[in-house]
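Novice: Could you have a look at this structure, given as structure tokens, before my questions?
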Amino acid sequence: MNVAIFIGSPRVNGNTATMANRLTEHLSDNGVNCRTYYLYHHKIQPCIDCRRCKAEDLECIQNDGMTVLYKNLEWADVIIFGTPIYWFGPSAQTKLMIDRFRPYFANKKLYGKRAALLLPAGSGEGDCDMTIEQFKRVFKALGMELIDVITLEAYDEGDAEELLKKHDFVQDLAIKIMQKEEV
Ligand SMILES: Cc1cc2nc3c(=O)[nH]c(=O)nc-3n(C[C@H](O)[C@H](O)[C@H](O)COP(=O)(O)O)c2cc1C
């Protein structure tokens with residue numbers, strides 16, 4: 001099984017990264033292939049609505065930091081989106097990537113893939129509702145299945161680490177991801 005994790009936080013030691021790294025540990029220990037991408041390390045141009053992805057080969061014509069991300073979205077059986085909540089929504093870098101999913105609406109290359117969300121927020125679950133709803137609609141449009149959402153009330157770096165010591169929500173997600181493989 002291949003799992004690609006996309007981290008939409010600029011903080012490489014932040015709460016999203018902590019959740020993502022913990023997930024990778026659990027999955028890798030069980031032989032799952034994991035790849036992690038920090039979206040802020042990729043120059044992602046905005047979708048320019050040129051509509052070329054709706055014609056011919058149904059691909060995006062822009063050649064930028066998304067090129068490698070597209071490859072790995074398609075490589076994955078399970079796609080994990082981690083983003084801090086910024087103003088009740090996903091971070092801007094995460095939204096840049098979502099907008100670039102437009103080719104997948106037509107070419108259906110993400111169809112049937114499973115997904116999960118890692119969402120730290122200073123105020124916790126209450127501020128995650130619009131982000132969860134947005135992703136749910138994106139997944140529905142692309143034919144993807146949402147496995148689970150983990151929200152954590154985490155603000156400072158290290159907060160997620162402390163919370164996961166009390167209950168390892170990420171391990172619960174890892175189990176759900178791997179259960180499907182056994183069916
Ligand atoms: C620009 C900005 C906007 C934010 N907006 C919210 C918000 O609307 N609700 C909330 O609960 N936390 C908000 N936060 C706090 C972050 O979600 C929180 O610090 C999170 O743990 C950061 O994750 P990271 O460590 O992975 O970067 C905001 C932080 C920033 C920088």
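Novice: Write out, first by first residue and then by second, each pair whose Cβ atoms fall under 7 Å of each other, whose residues are 6+ apart or on separate chains, and whose first residue, in the range 44-62, is assigned to a loop (DSSP other than H, G, I, E, B) while the second is β-branched (Val, Ile, Thr).
Specialist: 50/61
Novice: Follow-up question, since we're still on this one. Please pick out the residue among 137, 100 that is charged (D, E, K, R) and buried (at least 20 other Cβ atoms within 10 Å of the Cβ).
Specialist: Values: 137 fails: buried (at least 20 other Cβ atoms within 10 Å of the Cβ).
On inspection, the qualifying residue turns out to be 100.
Novice: If you take the residues in the range 104-128 that are touching an Asp or Glu at 6+ places or on another chain (Cβ under 8 Å) and more than 28 Å from residue 154 (Cβ to Cβ), which one is surrounded by the fewest Cβ atoms within 10 Å (Cβ to Cβ)?
Specialist: Within the range 104-128, the first condition is being touching an Asp or Glu at 6+ places or on another chain (Cβ under 8 Å), and the residues that meet it are 107, 109-110, 112-117, 120-125.
In the following step, the residues that additionally are more than 28 Å from residue 154 (Cβ to Cβ) were identified as 107, 109-110, 112.
Working: 107: 15, 109: 17, 110: 21, 112: 11.
Of everything passing the filter in the range 104-128, 112 is surrounded by the fewest Cβ atoms within 10 Å (Cβ to Cβ).
Novice: Given the conditions (1) over 19 Å from residue 137 (Cα atoms); (2) assigned to a helix (DSSP H, G or I); (3) under 15 Å from the mean Cα position of the chain (by Cα), report the number of the one that residue 120 does not fulfil.
Specialist: Only one criterion in (1) over 19 Å from residue 137 (Cα atoms); (2) assigned to a helix (DSSP H, G or I); (3) under 15 Å from the mean Cα position of the chain (by Cα) is unmet by residue 120, namely (2).
Novice: Could you run through the range 63-89 and say how many residues are in contact with a strand residue (DSSP E or B) (Cβ under 8 Å, 6 or more places away or on another chain) and either part of a loop (DSSP other than H, G, I, E, B) or over 29 Å from residue 180 (Cα atoms) (or both)?
Specialist: Adding up the residues that qualify gives 5.
Novice: For the condition at pLDDT below 95 and not small (Gly, Ala, Ser), what is the one hit in 49, 57, 64, 29?
Specialist: Numbers: 49 fails: at pLDDT below 95; 64 fails: at pLDDT below 95; 29 fails: at pLDDT below 95.
Of 49, 57, 64, 29, the one residue that is at pLDDT below 95 and not small (Gly, Ala, Ser) is 57.
Novice: So, in the range 1-55, of the ones that are among the aliphatic types (A, V, I, L, M) and more than 26 Å from residue 159 (Cβ to Cβ), which residue ends up nearest to the ligand (Cβ to nearest atom)? Reasoning before the result, please.
Specialist: First pass over the range 1-55, keeping only residues among the aliphatic types (A, V, I, L, M): 1, 3-5, 7, 12, 17, 19-20, 23, 27, 32, 39, 44, 48, 55.
Going one step further and asking which of them are more than 26 Å from residue 159 (Cβ to Cβ), we end up with 1, 32, 44, 48, 55.
On the way: 1: 25, 32: 22, 44: 17, 48: 25, 55: 37 Å.
Filtering first and then ranking leaves 44.
Novice: Taking interchain pairs and intrachain pairs at least six residues apart, which have beta carbon atoms under 7 angstrom, with the first residue in the range 116-138 and in contact (Cβ under 8 Å) with a residue 12 or more places away in the chain and the second of a type in the set (A, V, I, L, M) and assigned to a loop (DSSP other than H, G, I, E, B)?
Specialist: Within 7 Å, the pairs are 119/85; 120/154; 121/85; 127/85; 128/85; 131/85.
The values are calculated or read from the model by the stated rules, or taken from the named source; none is laboratory data. Note that the structure is predicted; figures quoted are calculated from it, not measured. As a convention, Cβ positions derive from the backbone with ideal geometry for all residues, glycine included, and neighbour counts pool all protein chains shown.
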